Structure formats: C-alpha cells, structure tokens
Amino acid sequence: MAVKFYQSENQVPLEMHKVRMIQKLSLLPVEERLKRIQEAGNNTFLLQNKDVYLDMLTDSGVNCMSDNQFAASMQADDSYAGSATFLRVKKAIKDVFGTDYVLPVHQGRAAENILAEAFCAPGKVALMNFHFTTTKAHATRCGATVEELMDPKGLIPQSDDPFKGDYNLENLRTRIDEIGKDNVAYVRVEAGTNLIGGQPVSLENMLAVTDICHEKGVLSVLDASLLQDNIYFMKTREARCKYMEVGDIYRLLADHFDLIYFSARKLSFSKGGIITSKDEKWYKALMTYIPLYEGFLTYGGIDVRTMESMAVGLYESLDMEYISQGPEFINYLARELDAYGVPVILPPGGLGCHLNAGAFVPDMPHNQYPAAAVGAALYIAGGIRGMERGTVSEQREPDGTERYAELELQRLAVPRRVFTLSQLKYVADRVKWLWDNRSLIGGLEWTEEPEVLRFFFGRMKEIGYWQEQLAEKFRKDFGDSL
Ligand code: F0G
C-alpha cells in the first residue's frame, strides 16, 4: 500500500492527493509571540488564529474538504423538512454502516446530550473505556456517574501495545453484574480514544464488548468520531483485519452495536454529527429530542451544504489512501521526535502527536500545570498552537482540591489533508529546540479560573520570568529568523 522510495533512507509518507486551494499563513517574530501568548492568558484557546502559524489545536472541523465534497455542496436541497439532501446522507450512512435509522445532530456533543437525556439519570452508571470531556459532562449533568474500564495498559505513555484503548473485559463483566443491568445507562466504546493520545481499540475487543452487552442485556454505544483512524490501525495492526475491506469493518461494527454516533467534524471531513442504528426501537427512543434540541428530523441543525459534503466525506472515509494520511503523518512526527529523545506517546495514535509533558518537565509539580506550560512554550518557540490535555482540562473536586490528570499531555493535532510534510518537519525542529532548552520552561499559575470548563476560558500567568528568558534564548540561537 505505502509507496516505496528507491532510497529507503529518504522514505516519507506520501500524500495521494494534491492541494488545490490554499490559505496564507503568517509567522510572527518571537517577541510578538511572547506578547500574544501572555495576552491570551497562556491559554491556546484564547489565541487569535491570525497569530498562529500552525494551528494544531484540534482535528475537529478543520480537516480539508475534497473537490468532490465542495462540488456536492452546490447541489444542496434547502428545505426545512424532507430535503433531498437528507436522503443522500441517509443513503451514505446505509452504504457505509449498513444502518437504516439516521438522526442528524449539529455536532458530536449534541448526540451525547441526547443520549444522556434519554439514558442517564441519578443512580445510573455510564461505562466507558475512557471518558471524553463532553461525554462525561453530559452524563454527569443528567445525574449519572461515569466509570472508566479501560485496560490499565492505556495509561503507559510508551509501549508497543497496538491497542491501548481496549476495554478490560473481565472488569466490564464484573461491573455490569455489581451495578445491575437496570442501572447501567449504556456501555460506550470510544474508538480512537481521544484523551489517552488517540489510541485505538481492536476489532476483537469491540466485538467482545458488544457480546458482553448482549449477554447481560445492556445498551452498547459506539462513539465513532475517531473511527476512521481506528480502522486504519485495525487494518495495519490486527491480523484478522488485514484482508478485510474497510467497509466490511464499518458494517460489522454497526451490526453489533445498538447505537453509533459520531462527530462529522472528524469522521467524514466535514461538520455536523449523526446518531444511527439498525434498530427502529432506538430511533424511536431518541427522535423526539431532535426537533427539541437540534432542528427538524431531516436537518438536525446542520446546514444542507454541509450535509452534502458529509455524505461524500463518508464515502471517502472508506478509502485507505485518505484514511491513512493522518495516522502516517502523525507517526512520522512522533517517530522523528522519539528518535531525538523527546517524550511522546507511543505507539503514535490518530488525531495528533502527543507530547508527554510530565516527562518533558519532570520536576514541575502538577499544580504548576506542566502540559499547559509546555504548550505556551511551544507557541513562543514556533507559533505552533497545541491543546492542553492534562490537569487544566480536568475539573476540581467539589471540595476545591485539584484532580490531577493521569497523563499530562500537550496534543499537537494533525488535521487531515491540511499540512504538508515540510510543515511537520518544522514542528519537529521547534519541538527539538524546546526539548534542548527545557530547563528554561517554568510553571503557570491562575489569574482567572472559571469553575466549569476552565480549559476553554481560564487565564494563567508565568511563575517568574521564564517566558522572556525563553524568547531571548530563541533570538540568540536563531538570529534574525522568525
Ligand atoms: N467524541 C470524541 C471522541 C471527540 O473527540 C469529540 C470531539 C466529541 C465526541 C465531540 O464532538 O466536537 O463535534 O461536539 N473532540 C474535539 C477535539 C473537540 O478537539 O478533540 P464535537
């Protein structure tokens, strides 16, 4: 599948697409970068994108659409009810997942809201391999508790385990029995487990989870937002998947799970979201929430042009040449950094390359927020915007004590089909420089700490003057370069 280079030492992942529309970028001088990150309260969410050279905040809603997606968006049928566009989305879902029942929602977390409204309540427990921020927030808002049953191997930052997102199946059985099937809100599998570094779940493990759910009589839900990366890893790391068609894997999963939902901001290179099922029972249980929260059943808050691009993007999610690009670029970046000694999550997952900030600045205590500090430093070093996925992204306990993240990660997302390899080489170069100068990185303290979702809105300042010193060192090492 991969195109082999004649000179193997020059081997790089090769894109099977070309760029036909561009957006101009700018890279500010380091002194300006220092100013901008401080004005943003050291929170990369509060930077203006015009001040960012490479926006690696997320892979969500920022993937590049294809020519066919743009073309399809021009034939959209704009009507409140019964639009032909929705029929095309339904057909694409049927062709890809094999499911008949389709509910559109405005994005992934809207699906989570509806599942929470329908199934979560005080006394209920939502079981997951690992939580995602919005999934957990919706389940707990409706009074349920969330329990994570991922195999502990998922939290080992560097290993060669191919499927770190797997469930611990023994624990799943035991917990369902202990909780009692009527108190289990649902059992959710998150493909491409986001918060542990985009780590996949094996097909074998996913099917075993659904078998347990059927046996015990509890609802199984697949969060397929990161499924296309997960399927790439199944195809390349799991023997039984090697000769399966990509489409066979989608359909096999849809056959086994009661409900599937996804953020189309990730799966399908577009925007919006979908809940789908092969079973009318679940469609009926959820459909009334759609007009209440999203929009009529045939648009669900998504604009019709976007739905057309989603339909085409879903077919593209079957194409190994498309779905391999993200994971292969991430692998390139992570291996390049690892070879230099920079601590990254291994094996590399989907969605982005994850710096292990806990090991980057090992002497920094959790309450000086190492992952956020490394992120602020990286913006100063290269105008690169990552996302904190560590203690800042957690919420304090009700008594005000900090809940320290199990992994302190700085995520460098690689939006699909967006960056070139030279840009990733630049990222590697600036991260390596930062690694060599890591002794200059200091901690952060809050200046404004919102109670809820503080990672989105909160502001912090440097402890001491390490950021000025880092910028000075950059100037010294790079001369008049940007
Ligand atoms: N599930 C997973 C696994 C996700 O990664 C996301 C979003 C959602 C659900 C929610 O979807 O954004 O469309 O509402 N992840 C984004 C990220 C925000 O940056 O990782 P959404």
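Residue pairs exceeding 24 angstrom between C-alpha atoms, taken from K235/K284; K164/K266; K181/K278; K216/K281; K124/K271: K235/K284; K124/K271.
A convex hull fitted around the alpha carbon atoms of region 1-84 yields 213 Å³ per residue.
Highest mean first, the peptides 218-224, 369-375, 19-25, 403-409 sorted by other C-beta atoms within 10 Å per residue fall in the order 369-375, 218-224, 403-409, 19-25. The convex hull drawn around the Cα atoms of region 60-154, when projected onto a plane and averaged over every direction, covers 8.9 nm².
Of the solvent-accessible surface of the chain, computed with a 1.4 Å probe and all protein chains present, 51% belongs to carbon and sulfur. Were the residues from Q75 through R475 laid out at 0.36 nm apart, the gain over their Cα-Cα distance would be 138.8 nm. Expressed in units of 2.2 N^0.38 Å, where N is the residue count, the Cα radius of gyration of region 147-256 is 1.04. What separates the Cα centres of region 162-207 and region 128-150 is a distance of 12 Å.
P(r) for region 353-478, from all Cα pairs and a bin width of 5 Å, is 2, 11, 21, 23, 19, 13, 8, 3, 1, 0 %, short bins first. By the beta carbon rule, with partners counted only under 4.7 Å, the chain holds these lone Cys residues: C64, C213, C241, C353.
Working ranking of peptides 88-94, 323-329 by packing, defined as the average number of other Cβ atoms within 10 Å per residue, highest first, is 323-329, 88-94. Annotation: peptides 244-251, 4-11, ranked by per-residue average of other Cβ atoms within 10 Å with the highest first, follow the order 244-251, 4-11. Of all complete DSSP H helices in the chain, not one has a Cα span along the helix axis of 27 Å or greater and a mean Kyte-Doolittle hydropathy of 0.0 or more. The lysines whose alpha-carbon is closer than 16 Å to the alpha-carbon of K50, local same-chain residues fewer than 8 away aside, are K24, K35. Sorting C142, C213 by solvent-accessible area of protein heavy atoms yields C142, C213, largest first, with a 1.4 Å probe. For the chain, what proportion of DSSP beta bridges, expressed in % and rounded to the nearest 5, is antiparallel? Counting DSSP beta bridges with both partners in the chain, the antiparallel share is about 55 percent. Would you mind giving the average projected area, over all directions, of the Cα convex hull of region 255-377 in nm² with one decimal? For region 255-377, averaging the hull's shadow over all directions gives 11.5 nm².
Send over a whole-number figure in Å² for the accessible area per residue of region 149-223, probe 1.4 Å.
For region 149-223, the per-residue accessible area is 33 Å².
Computed over protein heavy atoms with a 1.4 Å probe, the accessible surface of region 409-482 works out to 47 Å² per residue.
In the full protein context, region 306-386 carries 23 Å² of accessible surface per residue, based on a 1.4 Å probe and ignoring ligands, DNA and RNA. Once the Cα-Cα distance is subtracted from the 0.36 nm per residue extended length, the E449 to N183 segment shows a gain of 92.3 nm. Note on the chain: along the principal axes its Cα atoms extend 65, 54, 45 Å, ordered by decreasing extent.
The values are calculated or read from the model by the stated rules, or taken from the named source; none is laboratory data. In this text, all values refer to a predicted model and were calculated from it rather than measured experimentally. Quick reminder, even Gly has a Cβ in these numbers, built from the backbone with ideal geometry, and neighbours come from all protein chains shown. When the accessible area is computed, the model is the full protein with side chains, heavy atoms only, and any ligands, DNA or RNA have been set aside. Shrake-Rupley method; radii C 1.70, N 1.55, O 1.52, S 1.80 Å.
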